[in-house]
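The values are calculated or read from the model by the stated rules, or taken from the named source; none is laboratory data. Everything numeric in this text was worked out from a predicted model, so none of it was measured. In this analysis, Cβ positions are derived from the backbone assuming ideal geometry, glycine residues included, and neighbour counts consider all displayed protein chains. For the accessible areas, the whole protein counts, side chains as well, though only heavy atoms, and no ligand, DNA or RNA atoms are used. Shrake-Rupley method; radii C 1.70, N 1.55, O 1.52, S 1.80 Å.
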Amino acid sequence: MGLAGEPVTETRERELARLSFAFLLDEMANGVAGLEPVDALLVLAVNQANIAPLTRDPAARARYGQLEAAAPDDERRPVSINAVAASLGLPFETVRRRLRRLAAARVCQVTPEGVVVPASFLTSPAYVRSVLVGHYRLRDFYLELDAAGLVDPLPPSSYELEDAIPMRAAARLLSDYVLRTSEGLMREAGNVVSTLILTALIAHALREGDAPLPVKAVATRLSLPTETVRRHMIQMAEDDLCARTSAGVVMTPEILSRPGLATLFADNAKHVHRLLAGLAERGVILSWEIPAAEAGRGAA
């Protein structure tokens, strides 16, 4: 048994959730080239759909794994606006309007065949910078999990360790994790904005217990209008996803124990292992561990 009589598996999933939802919130709030979180999720969803055939090809994974090696536009598969809207649970018109605005900013291209995130954006200084920051955040997340004894056995690398860490490959695996976990959150929250808010609430509750989280703090963290966050939180309270107080909102132990959230935490544990297994198979984790081992030998 774990803490307070909980089964060990449930306690482990809760600890995994405590670390991973804090990490996920960072990714959602700061993830893609300074874009607003909703736009960042759109870009992740479009790009993952564009490169889906390539991720199933080991040769392509090797060819386009390095930071400077974005897959060219002619190898990207366009995705329909309707498919993107359905994957994120957003209204078609909302997605169409946002993608048109992103196209005007040259973040994506909207054509009769569908939407593509072009290589020109994926090699831009702003995007590359966000990949670098996200990569080192991902490395620290792995090290946290490893130090806490939360990393299951991982597969060996299928690739020779190269001089450069395959950061773009790691970014694709990370995007897949963010989108998969967002799907589960969306089942509970119902829409993308509430999903972002629910991520912030879970991360706060697992770290701070029943301390209230002010509406303005959530709005600032997620770059959302305060009134938008307030309106969604009222609906979330009516759906028993949080409780409102004069100082903000809380997620009580009873709310955190809801069957839907228990399922979310169990699925998250699977998604985290899938992320780490992919990083191990691609040689990313090995590239992190060898410098640490060498530093340890040098200190000795």
- Message: Please give the charge dipole size of segment 148-199, origin at the Cα centre, charges +1 on K and R Cβ atoms and -1 on D and E Cβ atoms. Round to the nearest 20 debye.
- Response: 260 debye
- Query: Which residues make up the longest stretch of the chain clear of GluC sites (Glu not before Pro) that lie in a DSSP loop with no more than 11 other Cβ atoms within 10 Å, not counting the sites?
  - Reply: 161-300
- Message: At 1.4 Å probe size, with the rest of the protein present, what percent of the exposed accessible area of the chain is carbon and sulfur atoms?
- Response: 55 percent
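Tell me, what is the per residue accessible area of the chain in Å², probe radius 1.4 Å? The partial results should precede the final answer.
Values: 13970 Å² over 300 residues.
I get 47 Å² per residue for this part.
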- Item | Cα-based convex hull volume of segment 10-120 per residue, rounded to whole Å³ | 138 Å³
- By the scheme Lys and Arg +1, Asp and Glu -1, what is the net charge of all other residues having a beta-carbon under 14 Å from that of V229? +3
- Query: For labels at R137 and K216 in the simple 7 Å Cα→Cβ model, what's the distance in nm?
  - Reply: 2.4 nm
- Kyte-Doolittle at least -1.0, axis length at least 30 Å by Cα - qualifying DSSP helices, the chain: 8-30, 125-147, 167-189, 259-281
- Item | Positive-end residue of T11, N50, I165, charge dipole of the chain with Cβ unit charges | N50
- Task: Subtract the Cα-Cα distance of S223 and E208 from 0.36 nm times their separation in residues, and report this length gain in nm to one decimal.
- Result: 3.2 nm
- Query: G31: net charge of surrounding residues, Cβ under 11 Å, Lys/Arg +1, Asp/Glu -1, itself excluded?
  - Reply: -3
- Determine the equivalent ellipsoid of the chain by diagonalising the alpha-carbon gyration tensor, then write out the semi-axes as square roots of 5 times the eigenvalues, largest first, rounded to whole Å. 31, 27, 16
